[in-house]
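The values are calculated or read from the model by the stated rules, or taken from the named source; none is laboratory data. Owing to the predicted nature of the structure, the values given are computational and were not obtained by experimental measurement. Cβ placement follows ideal geometry from the backbone for every residue including glycine, while neighbour counts extend to all protein chains displayed.
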């Protein structure tokens, strides 16, 4: 069984709906309160487990009630929590989301205990990383932690995947040990110091990013598929068109599916197609964790559309 380790984030999302947004000092009544697990690292670790791989998460929680949301989730999904640590200095990460009647929102995010992750924190999971086939990370944790995860993964001979979300300016040293970088189109631009909607061509920008030391850049482009760019490939892998219900978890599903397919030994373009199918499948259900598919669901998605490796 493929061993995949995710060094990443956990946060609880708390959502409430309201007809109008309050002004400062005003108290209003809302409705439909909901909360549940989130965080890109956590989502990807759960998705990897659901797809049948040996999944472990390296993250930091507070010692509070919200931490139990994570612990219960990982017990149910079969994610290894050996390196899920709880600390007293900060609360468990949380995001407050307020939605109005038009679907507009504002979000206040406190990554909390995730911000305690640094290179030394990642080193506590060195044994698990050394035994991994694939090491993944995200940018919802401090840059030093993500960089250390990629470095230890490369030293161990694992394949390394960095999902640079949410994107921000990072040093080139972060990319030196990244085999696969998986930004979406706006993240690609932010990584290069541009505005998220910069009109420059995505392919040209991906080439520019590769000069910073990345092995392969895979730009996810929603329903337009994924651009794969490295020394041997300059290809757009298409994705399955589906009836979209909620795109929120699609990026996490893509990264998990891609990682699992690589671990299965699939060639690069086939692995990207597998990841794209996982991402498309996640768009067919509401929510993030509820939308993450099983191996059977992703394979059914592939069987219903293009063959793996068929390109536009």
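Quick check on this structure: which one of 189, 148, 128 is modelled with pLDDT of 95 or more, surrounded by fewer than 22 Cβ atoms within 10 Å (Cβ to Cβ), over 15 Å from the mean Cα position of the chain (by Cα) and under 28 Å from residue 248 (Cα atoms)?
Values: 148 fails: surrounded by fewer than 22 Cβ atoms within 10 Å (Cβ to Cβ); 128 fails: under 28 Å from residue 248 (Cα atoms).
The match here is 189.
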**Request:** With respect to residue 137, determine if the residue is surrounded by 15 or more Cβ atoms within 10 Å (Cβ to Cβ), closer than 24 Å to residue 62 by Cβ and modelled with pLDDT of 95 or more.
**Result:** yes
**Prompt:** Could you say whether any residue in the range 193-206 is buried (at least 22 other Cβ atoms within 10 Å of the Cβ), over 15 Å from the mean Cα position of the chain (by Cα) and modelled with pLDDT under 95?
**Reply:** no
**Selection count where residues are outside any loop (DSSP other than H, G, I, E, B), without any contact (Cβ under 8 Å) to a residue 60 or more places away in the chain and within 22 Å of residue 165 (Cα to Cα), scope the range 213-255** = 13
**Request:** Keeping to the range 265-292, report how many residues are under 21 Å from residue 77 (Cβ atoms), in contact with a helix residue (DSSP H, G or I) (Cβ under 8 Å, 6 or more places away or on another chain) and not in a helix (DSSP H, G or I).
**Result:** 5
**Item:** Residues located in the range 256-268, provided they are surrounded by fewer than 19 Cβ atoms within 10 Å (Cβ to Cβ) and either touching a residue at least 40 places away in the same chain (Cβ under 8 Å) or within 18 Å of residue 137 (Cα to Cα) (or both)
**Value:** 264, 266, 267
**Request:** Please enumerate the residues belonging to the range 207-221 that are within 22 Å of residue 159 (Cβ to Cβ) and under 22 Å from the mean Cα position of the chain (by Cα).
**Result:** 209, 210, 212, 213, 214, 215, 216, 217, 218, 219, 220
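Would you check if residue 116 is touching a strand residue (DSSP E or B) at 6+ places or on another chain (Cβ under 6 Å), surrounded by 14 or more Cβ atoms within 10 Å (Cβ to Cβ), closer than 20 Å to residue 168 by Cβ and touching a residue at least 12 places away in the same chain (Cβ under 8 Å)? Write out each step before concluding.
On the way: touching a strand residue (DSSP E or B) at 6+ places or on another chain (Cβ under 6 Å): yes; surrounded by 14 or more Cβ atoms within 10 Å (Cβ to Cβ): yes; closer than 20 Å to residue 168 by Cβ: yes; touching a residue at least 12 places away in the same chain (Cβ under 8 Å): yes.
Yes: the conditions hold for residue 116.
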**Message:** I need a count of the residues in the range 44-83 that are within 17 Å of residue 115 (Cα to Cα) and in contact with a helix residue (DSSP H, G or I) (Cβ under 7 Å, 6 or more places away or on another chain).
**Reply:** 8
**Request:** For residue 42, indicate whether it is within 16 Å of residue 290 (Cβ to Cβ) and free of Cβ contacts under 8 Å to residues at least 60 places away in the same chain.
**Result:** yes
**Asked** How many residues does the range 91-102 hold that are in contact with a strand residue (DSSP E or B) (Cβ under 6 Å, 6 or more places away or on another chain) and either outside any loop (DSSP other than H, G, I, E, B) or without any contact (Cβ under 8 Å) to a residue 40 or more places away in the chain (or both)?
**Response** 7
**Fill in**
When the range 4-43 is checked residue by residue, the ones that are farther than 18 Å from residue 108 by Cα, touching a helix residue (DSSP H, G or I) at 6+ places or on another chain (Cβ under 8 Å) and not in a loop (DSSP other than H, G, I, E, B) are 4, 5, 6, 7, 42, 43
**Request:** Take residue 68 and decide whether it is in contact with a strand residue (DSSP E or B) (Cβ under 8 Å, 6 or more places away or on another chain), free of Cβ contacts under 8 Å to residues at least 40 places away in the same chain and assigned to a helix (DSSP H, G or I).
**Result:** no
**Request:** Go over the candidates 166, 171, 196 one by one and state the one that is at negative phi and without any contact (Cβ under 8 Å) to a residue 12 or more places away in the chain.
**Result:** 196
**Message:** The conditions are (1) surrounded by 16 or more Cβ atoms within 10 Å (Cβ to Cβ); (2) more than 19 Å from the chain's Cα centre (by Cα), and residue 173 fails exactly one of them. Which is it?
**Reply:** (1)
**Asked** If you go through the range 180-209, how many residues are closer than 28 Å to residue 145 by Cβ, out of contact with any helix residue (DSSP H, G or I) (no Cβ under 8 Å at 6 or more places or on another chain) and part of a loop (DSSP other than H, G, I, E, B)?
**Response** 1
